[in-house]
Amino acid sequence: MNADEARILKLRAELRDYNHYYHVLDAPKVPDAEYDRLFRELRNLEELHPELVTSDSPTQRVGSAALFAFSQVRHAVPMLSLGNAFEESELFEFNRRVIEGLDLPAGDLFGGGQSIEYTCEPKLDGLAVSLLYRDGLLVQGATRGDGTTGEDISVNVRTVRNIPLKLNGSGWPAVLEVRGEVFMSKAGFERLNATQMEVGGKTFANPRNAAAGSLRQLDSKITASRPLEFCCYGLGQVSANIADTHIGNLEQLKAWGLPISRELKLANGIDQCLEYYRDIGVRRNDLAYEIDGVVFKVNSLAYQRELGFRAREPRWAIAHKFPAMEELTELLDVEFQVGRTGAVTPVARLKPVKVAGVTVANATLHNMDEVARLGLMIGDTVIIRRAGDVIPQVMQVVLERRPDNARPVHIPEQCPVCGSQVERTQLVKRSKGKETVSEGAVYRCVGRLACAAQLKQAIIHFVSRRAMDIEGLGEKSVEQLVDEGLVSSPADLYTLGFEQIVDLEGFAELSSKNLLEAIEDSKRPTLARFIYALGIPDVGEETAKVLARSLGGLERIMAALPQVLTYLPDIGLEVASEIHAFFEDEHNRTVIAQLLERGLQLQDQGELHPEFAASTSLAGMIAKLDIPSVGPTGAEKLVARLETLDKIIAADGIDLRQALTIKQATAVREFFSVAENAERARAVEAQLREFGMHWGSEKKLVEGLPLAGQTWVLTGSLERMSRDVAKDKLESLGAKVAGSVSAKTHCVVAGPGAGSKLTKANELGLEVLDEDAFIAFLNKQGIEA
Ligand code: IVH
């Protein structure tokens with residue numbers, strides 16, 4: 001056996017294996033680009049040695065065998081494949097073959113003298129499907145399979161929402177087989193993967209796999225739940241001809257209700273095809289779905305018939321492919337970057353490779369969970385994907401190419417920048433009165449501002465436009481300030497003098513003065529900006545605003561216990577714990593103190609927000625303690641009976657039984673018998689009071705609220721919110737919510753089924769709101785319903 005022959009055998013075996021993974025398992029092992037390369041290599045070798053071509057060579061067939069779980073469908077007209085052009089020269093070559101094949105007089109070398117009319121369509125990256133309509137009714141759906149036999153996926157195609165089950169209009173041939181692509185939009189794919197991730201299901205490497213995996217489901221309910229779409233690009237068997245041109249056929253299909261591409265165009269001559277290719281290429285990232293090229297087809301059906309087929313490809317059509325978005329390369333190393341909040345992130349260092357025209361040498365790996373999910377080892381061959389403007393991603397490891405000396409990826413024990421300890425973050429969850437701590441995906445350098453990497457990022461964030469807005473201090477200058485030891489915390493910015501700045505690279509006299517002025521001008525930030533500028537992990541602009549607006553003062557924010565912070569809108573225990581830990585940190589406290597000493601004056605500091613002040617009650621607080629089986633109602637009963645937290649903590653089983661069930665009473669006893677629980681509850685209560693929260697009879701702060709002094713009654717059933725929620729909302733506006741209607745009632749909210757209370761309200765001539773009016777009223781008060 002000579003070398004070519006051996007190579008041919010090896011290529012066939014490899015391609016067969018890749019084919020199986022791609023078509024049968026919907027889980028490709030290598031990117032298309034790699035497959036195409038190997039395929040071309042095999043075809044070229046077979047062209048050199050025609051005597052070695054065998055009928056089972058991958059070059060002699062399309063697609064792959066049908067999955068056995070579906071019943072099989074024989075295609076009346078085979079479902080063929082398309083020839084590919086990667087280079088312009090191949091496209092001109094195709095055009096020349098068309099002209100020659102039609103026996104038209106050749107023009108110049110490229111057939112430029114003749115203008116063939118072509119249709120131009122995007123080449124959708126999905127799954128080829130055949131739909132059979134009999135007398136206008138969808139009777140069968142099939143995959144391509146090996147081109148001759150596919151799988152019967154009739155039930156599944158019926159779940160694809162833009163596939164008509166019955167055609168519009170009339171005049172369709174009695175037998176009409178349409179062919180097209182089932183695909184998933186980029187957005188649908190992202191959504192699907194996010195949900196799969198949440199429920200621990202299988203995620204997909206790209207929209208095409210997601211489409212294929214979704215359509216070829218034995219359980220069609222799963223298919224129905226997936227965001228699949230169909231686009232029609234041609235015909236199979238038909239009992240009567242429709243039009244004389246390809247575009248005429250497609251337009252008629254469209255009139256019958258079948259979706260065709262919005263990008264379908266006619267081109268006069270191959271040059272216009274090229275223009276189309278370039279135009280779509282520019283817009284490729286903005287399209288809602290992925291395409292891997294465009295398809296040009298001779299528009300005249302008479303010409304198509306004349307040209308016929310070569311092996312398994314039409315001579316009248318070609319796919320002009322775009323540069324692949326996925327490529328293979330080698331993972332040379334994994335390095336770790338330290339971000340602003342100290343998160344230590346693995347970054348892949350790759351053997352540089354061109355992906356869709358851009359050289360990629362690095363890719364983020366997100367976190368160590370992702371490294372584990374990929375099963376990544378240094379030395380591995382990996383699939384890199386660069387979709388649009390998105391940062392390159394490592395999609396998959398090609399396991400069979402793992403070298404013997406591959407090394408596992410370990411998170412460093414010490415920060416690569418400052419040498420501090422690297423710790424795994426913890427996730428705090430509270431449920432049933434217990435705090436459970438689990439391991440997070442993120443590792444952090446504990447060095448905080450002592451770590452140069454974190455310090456630089458912290459300062460870059462601190463001076464950024466939406467934070468302290470210090471103009472004129474770019475990343476490079478920040479790096480210099482830190483590297484030269486001039487700044488070791490954000491507070492040091494306020495000690496910088498002219499001499500120090502003017503010595504920095506890129507600074508002159510005027511720019512130094514301007515920067516000093518900008519630093520001076522930044523000294524009066526709003527509280528919200530200042531909180532945001534501190535760069536507390538997980539605290540973005542919105543959370544910073546919530547903290548500032550609700551608590552109204554830096555001191556309160558700094559002192560707030562995590563449980564108290566969870567009273568604020570959209571702050572959960574995890575973020576609350578981050579905030580609390582940030583302000584507990586000695587170093588952070590020192591920096592804040594220095595900032596204030598160096599002249600920072602926070603604006604907009606004020607009172608506790610009245611809505612927040614009114615947002616809690618002792619019962620509410622007890623309900624939040626997560627005592628097993630004690631919810632809001634149990635907590636209400638407890639408070640109604642025992643009145644204060646101290647009494648509740650001290651109560652014995654008999655006292656508790658007067659308000660609660662045995663089960664609840666036991667749970668409360670058990671909960672407070674743990675000293676830590678009792679202490680925490682007391683601390684939270686004390687802080688809520690200190691912050692000016694009020695409950696029970698203390699109504700001081702209610703004054704000034706829009707409904708202060710008013711009594712409202714809720715009756716009937718509310719459909720858009722529970723009565724409890726409605727009550728909370730009214731109370732947050734200062735109203736008292738009563739159980740019965742009297743002349744003193746200000747307003748009655750009446751839902752469907754309201755009875756005697758509504759009658760009485762009408763008799764008394766009171767104001768009555770239905771649910772819609774009530775919600776409109778709440779909205780007007782700035783309360784979201
Ligand atoms: S025409 C005989 N048009 O590409 C010609 N195919 O490699 C049959 N595809 O199996 C195909 N968009 O799954 C055609 N506008 C388009 C297409 C398209 C995507 C897929 C199709 C086909 C494969 C051919």
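Of all residues in region 304-315, those that are more than 11 Å from the ligand (Cβ to nearest atom) and assigned to a helix (DSSP H, G or I) total 3. If the condition is being near the ligand (Cβ under 10 Å from one of its atoms) and open to solvent by 20 Å² or more (accessible area, probe 1.4 Å), then region 262-303 contributes GLU263, LEU264, ASP292.
Scanning region 531-566 for residues that are of a type in the set (Ser, Thr, Tyr) and in contact with a Leu (Cβ under 8 Å, 6 or more places away or on another chain) returns SER550, THR566. For region 113-138, a residue qualifies if it is within 16 Å of the ligand (Cβ to nearest atom) and within 27 Å of PHE189 (Cβ to Cβ), and the qualifying residues are CYS120, GLU121, PRO122, LYS123, LEU124, ASP125, GLY126, LEU127, ALA128, VAL129, SER130, LEU131. Contact map, region 758-777: first residue free of Cβ contacts under 8 Å to residues at least 60 places away in the same chain, second residue assigned to a helix (DSSP H, G or I), Cβ cut-off under 8 Å, separation 6 or more or different chains; pairs are VAL768/LEU758; VAL768/ALA761; VAL768/ASN762; LEU769/PHE777; PHE774/ALA726. Can you find even one residue in region 181-202 that is open to solvent by 60 Å² or more (accessible area, probe 1.4 Å) and within 16 Å of the ligand (Cβ to nearest atom)? There is no residue in region 181-202 that is open to solvent by 60 Å² or more (accessible area, probe 1.4 Å) and within 16 Å of the ligand (Cβ to nearest atom).
How many residues does region 754-775 contain that are open to solvent by less than 70 Å² (accessible area, probe 1.4 Å) and part of a helix (DSSP H, G or I)?
Counting residues in region 754-775 that are open to solvent by less than 70 Å² (accessible area, probe 1.4 Å) and part of a helix (DSSP H, G or I) gives 7.
Scan region 431-454 for residues that are open to solvent by 10 Å² or more (accessible area, probe 1.4 Å) and touching a Leu at 6+ places or on another chain (Cβ under 6 Å) and the total you get is 2. Restricting to region 145-178, give me the number of residues that are open to solvent by 50 Å² or more (accessible area, probe 1.4 Å) and out of contact with any Asp or Glu (no Cβ under 9 Å at 6 or more places or on another chain). Selection size over region 145-178: 8.
Could you please let me know if ARG278 is farther than 22 Å from VAL129 by Cβ, of a type in the set (D, E, K, R) and under 38 Å from the mean Cα position of the chain (by Cα)? Spelling it out, ARG278 is indeed farther than 22 Å from VAL129 by Cβ, of a type in the set (D, E, K, R) and under 38 Å from the mean Cα position of the chain (by Cα). Search region 400-409 for residues being loosely packed, with under 12 Cβ neighbours inside 10 Å and out of contact with any strand residue (DSSP E or B) (no Cβ under 7 Å at 6 or more places or on another chain), and hand back the single one that is nearest to TYR443 (Cα to Cα). It comes out as ASN405. Taking strands (runs of 3 or more DSSP E) as the structural unit, those lying wholly within region 106-192 and holding at least 3 residues that are farther than 23 Å from GLU90 by Cβ and under 36 Å from the mean Cα position of the chain (by Cα) correspond to 127-134, 137-143, 175-184. Annotation for region 411-427: at least one member residue is of a type in the set (A, V, I, L, M) and more than 29 Å from ARG589 (Cα to Cα). The condition of being under 24 Å from LYS29 (Cβ atoms), more than 14 Å from the ligand (Cβ to nearest atom) and at pLDDT below 95 holds for only one of ASN156, ASN168, ASN162, ASN206, that being ASN206. Counting only residues that are under 37 Å from the mean Cα position of the chain (by Cα) and at positive phi, which one in region 463-518 is surrounded by the most Cβ atoms within 10 Å (Cβ to Cβ)? Step by step, filter region 463-518, then rank; the result is GLY472. Kindly evaluate ARG689 against the criterion of being over 40 Å from the mean Cα position of the chain (by Cα), within 19 Å of LEU565 (Cβ to Cβ), in a helix (DSSP H, G or I) and modelled with pLDDT under 85. Answer is yes for this residue.
Restricting the search to region 547-572, which residues are hydrophobic (A, V, I, L, M, F, W, C), open to solvent by 10 Å² or more (accessible area, probe 1.4 Å) and in contact (Cβ under 8 Å) with a residue 60 or more places away in the chain? Passing the criteria: ALA559, LEU561.
The values are calculated or read from the model by the stated rules, or taken from the named source; none is laboratory data. All values reported here derive from a predicted model rather than from experimental measurement. Glycine also receives a Cβ, built like all others from the backbone with ideal geometry; neighbour counts cover every protein chain displayed. Accessible surface is based on the protein model in full, side chains and every heavy atom, while ligands, DNA and RNA are left aside. Shrake-Rupley method; radii C 1.70, N 1.55, O 1.52, S 1.80 Å.
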